[in-house]
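Report on the structure given below.
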Amino acid sequence: MGKDIYEEFDSIYFDKAEFENVEDSLSEIEIKRLNKNLKKRIFKYDKKYIKAAAIASITLIIGASVMTPAFAKTIVQYIPAMESLYGKLGYYSEYKDFSQYIGESKEDKGYKFTIDKLVADQDTVLVALRITKPGLNNKLKEKDSQVDFIMTADLTGMDRGTIAGGGLYKRVVDENTSLVLLENEAVVGKTLPKRFNMNLNIFSTSNEGIKVDFQLPVSREKIEEETIVKKSLGMSEIEDKFKINLSEIKVSPLNTKIKYSIDKSNDENTFVSFYCYDDKGNIYLDMGGRADDSNEKSGVVSGIEKNANKLYIVPYIMQYASKEEKKIESFDFVGKLYDVNTIREFNFKEDGKINVYNIEKKGEKIKFYYTFVGPEGFLGKQDIIQLYELKGNNQDTARLKEINEENRDDIALISKKDIKMYKPDLSKPNNYCIEFTNIDLDKNYVYSVGCVPVPKMITGDKIEVNLSK
């Protein structure tokens, strides 16, 4: 196939001196000139390499020089594939103004690790990493998402022990390249400094003995201006079980975290979930939580929309009925998958009724519009509609029947990171929409509805938060 696509991109020549004095504000004429020159240099190469080569890091274009936000925006217009792929991992376009472009690479045993960029707020550092090696993914099965590297991060000096860990998300680009999003979270109760050095260690879990270390300068000063912190939110009581003290909420472009504690010492292992919604009709998904050695905990919910003025937080715990406590009804849809053209009603008897009345497929989104009538608690089950990618090219009735009855290895659940839930029309309180993003409509998808028995949602007192600074 010739040169590796990243070698093709790396070999494009750019006059670094042309960009050294770029100001934060570029005139329209200057932007057009930069765009024209960039187009010329990219398109002088074989077009069959361009689409894939555009995924390469923008820092390879200009070496180690610092990129101003305006210049970064200009360059990124011509490498949308890289931004899109990192976006599918959870490094969204909204982070662009706060990102630091790093472009540092280390090599060991034929592997090349490149830190493309990172972004940080008070308690989270997201690192966008590229791994390349000839034949890296040749043996990777489509269903295999295991990453054979361990990646750990921490601060230096007296601040060592600040980062507790986090998620690791991988996406295969081609046979030679994978992208990784590494999510590093601070220990509950600790706040990351505004500027700090973070050590990132990567080593292999196999016998190849691969080990590389990065020291990354991190700044969260830009994102600070867009972060809302509210303290002493109040007390919420869940029946006679718990009193929950909500001590703080932090709303940043990266995530939303709610710090809380429970008044009973014997409940230190109990986590509370949060049902959050705003005054614009958006409903926010519970994304899990963390705890430290004391009774202090934090819950994470999906990012708050910028136009929200007020946020309403309802703490809750789920109570799952046993077979003895609740008779499991024989619903015809339990455990079944439906193609995304199926419009129908799902009747949960006393637990409510869901009517999927429209499914919209457009761009990179699939939207399920439905009505819900029944107990309010059921609404808090935020994975009521689950979407799966169906691997392979066929989506006929026979194949769906085979998957429903026997083999579910042929489907992949769409991540919560790619789900939004909201009321499309505030004048119709029973109408809802679940929107799945980062969808490739050239692929096939199926969905399922609900679970049986339906768990009971035991809610606490609602807490109102004014999001104005």
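Things to note:
- Looking only at the range 274-291, and only at residues there that are open to solvent by 40 Å² or more (accessible area, probe 1.4 Å) and not in a strand (DSSP E or B), the one that is nearest to Asp418 (Cα to Cα): Lys280
- Any hit, the range 148-170, residues being basic (Lys, Arg), modelled with pLDDT of 85 or more and open to solvent by less than 60 Å² (accessible area, probe 1.4 Å): no
- Between Glu345, Glu364, the distinction of being surrounded by fewer than 17 Cβ atoms within 10 Å (Cβ to Cβ), touching an Asp or Glu at 6+ places or on another chain (Cβ under 8 Å) and at pLDDT 90 or above belongs to Glu364 only.
- Some residue of the range 128-141 being in a strand (DSSP E or B), within 23 Å of Ser93 (Cα to Cα) and open to solvent by 70 Å² or more (accessible area, probe 1.4 Å): no
- For the range 97-104, the condition of being in a loop (DSSP other than H, G, I, E, B) and open to solvent by 10 Å² or more (accessible area, probe 1.4 Å) holds for at least one residue.
- Here Ile414, Ile419, Ile463, Ile385 are screened, and the one residue that is at pLDDT 85 or above, touching a Ser or Thr at 6+ places or on another chain (Cβ under 7 Å) and aliphatic (A, V, I, L, M) is Ile463.
- The set of residues in the range 111-127 being open to solvent by 10 Å² or more (accessible area, probe 1.4 Å) and more than 27 Å from Val251 (Cβ to Cβ) consists of Tyr111, Lys112.
- Residue among Gly281, Gly289, Gly209 that is within 30 Å of Ile317 (Cα to Cα), out of contact with any Gly (no Cβ under 7 Å at 6 or more places or on another chain) and among the small types (Gly, Ala, Ser): Gly281
Every residue, every condition in (1) buried (at least 20 other Cβ atoms within 10 Å of the Cβ); (2) of a type in the set (S, T, N, Q); (3) assigned to a strand (DSSP E or B), yes or no:
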position: Asn184; (1), (2), (3): yes, yes, yes
position: Pro193; (1), (2), (3): no, no, no
position: Phe196; (1), (2), (3): no, no, yes
position: Asn199; (1), (2), (3): no, yes, yes
position: Ile202; (1), (2), (3): yes, no, yes
position: Lys222; (1), (2), (3): no, no, no
position: Glu237; (1), (2), (3): no, no, yes
position: Ser247; (1), (2), (3): no, yes, yes
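- Flag for Glu208 being assigned to a loop (DSSP other than H, G, I, E, B) and touching a Phe, Trp or Tyr at 6+ places or on another chain (Cβ under 9 Å): yes
- Test result for Glu83, among the charged types (D, E, K, R), within 24 Å of Ile419 (Cα to Cα), modelled with pLDDT under 70 and out of contact with any Pro (no Cβ under 8 Å at 6 or more places or on another chain): no
- Residue match in the range 396-404 (condition: at pLDDT 85 or above and not polar (S, T, N, Q)): no
The values are calculated or read from the model by the stated rules, or taken from the named source; none is laboratory data. Remember, it's a predicted structure, so these values are computed and weren't measured experimentally. Counting neighbours? That spans all protein chains shown, and the Cβs are built from the backbone with ideal geometry, glycine included. In case anyone asks, the SASA skips ligands and DNA or RNA and just uses the protein heavy atoms, side chains included. Shrake-Rupley method; radii C 1.70, N 1.55, O 1.52, S 1.80 Å.
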